[in-house]
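Novice: Would you mind keeping the following structure in view while I ask a few things?
The values are calculated or read from the model by the stated rules, or taken from the named source; none is laboratory data. Not measured: the values here are computed from a predicted model. Don't worry about glycine lacking a Cβ; one is built from the backbone with ideal geometry, like all the others, and counts go over all protein chains shown. In case anyone asks, the SASA skips ligands and DNA or RNA and just uses the protein heavy atoms, side chains included. Shrake-Rupley method; radii C 1.70, N 1.55, O 1.52, S 1.80 Å.
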Amino acid sequence: MADIVWYPGHMARAKRLIKEALPNIDMVIELLDARAPISSRNPDFKSLFGNKPILTLLTKSSLADPVATKFFENKLRRDGREVIAIDCKDGKGIKNIQTGIRTLMKEKLERDAARGIKRPIRAMVVGITNVGKSTLINTISGTKKAIAQDRPGVTRQNARISIPSLGLELTDTPGILWHKFEDQTVGVKLACLGSIKDDILDTLELACRLIGIIRPYYSQCLCERFKIEINEEDSDFDIFEKIARKRGFLRSGGVIDEDRAAGVILDEFRAAKIGRITLDRLTKNAENTENEE
């Protein structure tokens, strides 16, 4: 697969807008996709936010392997982060966000109280494309003020949403990727998650790469979902072909409809129909995952 690069002009502008807004922000809420909590962390953010307190949320956790999610929660906490696994669809962890914010902002809140100042906590919500920022804001606020769609690149500029009942003022920001993936596997994982537009990708090759990433740890999920058998000597394309034929994705003459098959494999992974799968540092148990660090 050719190197994956998707850094449209609005992302450079979005990064500049974030920098300009930071002096008026008390803290940062960084969203990571629970299915790839390492790959979905924008390395540019490390230097961008300086000493701002950061609350890390692992989003879409109901789609991820729960054992892997627990491991990454613990790992991030050991790294000194305040972290919560959440899911906006089933409400998991949402009630804990307010506690996490107030834990990080405890000193500021105490200083303001001592001075008789009552003002909202100003938090900036950041993350890569399609990680769920706008959906989170709508869930917390109980409104639909933030534009939320299940595709990358919808939010194009900062938007401020006030939530007086919670003493919060949230700034929704555009999803930002970085200019070049040093490790192309990271780009592949983000593409599989839907953080990069499908129409710039070779979806056949991407579906095969996805199969290659998950088969060592979730082959049973592939077998059960697609009603196929996987042999050790099968290539990733062999498995792709078995899935396509089993689903009847064939054109005249028995030729595989590769585009249709690839689209279904990617869609079913993204919807967790294949199973609850985590792409980053996959192991069969959390202990082995730790040894891979």
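Novice: Ignoring ligands, DNA and RNA, what percent of the 1.4 Å accessible area of the chain is carbon and sulfur?
Specialist: Values: 6630 of 14320 Å².
With neighbouring chains kept in place, the figure for the chain is 46 percent.
Novice: Okay, moving on. With θ set to phi - 60° and the Karplus curve 6.51 cos²θ - 1.76 cosθ + 1.60, what are the ³J(HN,Hα) couplings of the stretch 105-114 in order, to the nearest whole Hz, using x for Gly and Pro?
Specialist: Karplus values, whole Hz, x for Gly and Pro: 9, 4, 5, 5, 4, 5, 5, 4, 5, 5.
Novice: When you take every Cα atom in the stretch 190-266, what is the radius of gyration, and what is Dmax, the widest Cα pair distance, in Å?
Specialist: My reading of the Cα-based Rg and Dmax gives 12.3, 35 Å.
Novice: Ranked by accessible surface with a 1.4 Å probe, highest first, in what order do R160, R41 come?
Specialist: Details: R160 170, R41 75 Å².
In descending accessible area the options line up as R160, R41.
Novice: So which trypsin sites (Lys or Arg not before Pro) in the stretch 215-253 are both in a DSSP loop and have at most 11 other Cβ atoms within 10 Å of their Cβ? Walk me through the intermediate numbers first.
Specialist: Numbers: sites: R225, K227, K242, R245, K246, R247, R251; in loops: K227, R251.
Loop-located and lightly packed - K227, R251.
Novice: Sticking with this one: By how many degrees, 0 to 90 and rounded to 10, does the Cα axis of helix 236-247 deviate from the longest principal axis of the chain?
Specialist: Rounded to the nearest ten degrees, it is 80.
Novice: Can you give the calculated 222 nm mean residue ellipticity of the chain, where each DSSP H run of n ≥ 4 adds -39,500 (n - 2.57) and the sum is split over every residue, rounded to the nearest 500 deg cm²/dmol? Walk me through the intermediate numbers first.
Specialist: Values: 11 runs with 124 residues, N = 293.
Counting only the DSSP helices, I get -13000 deg cm²/dmol.
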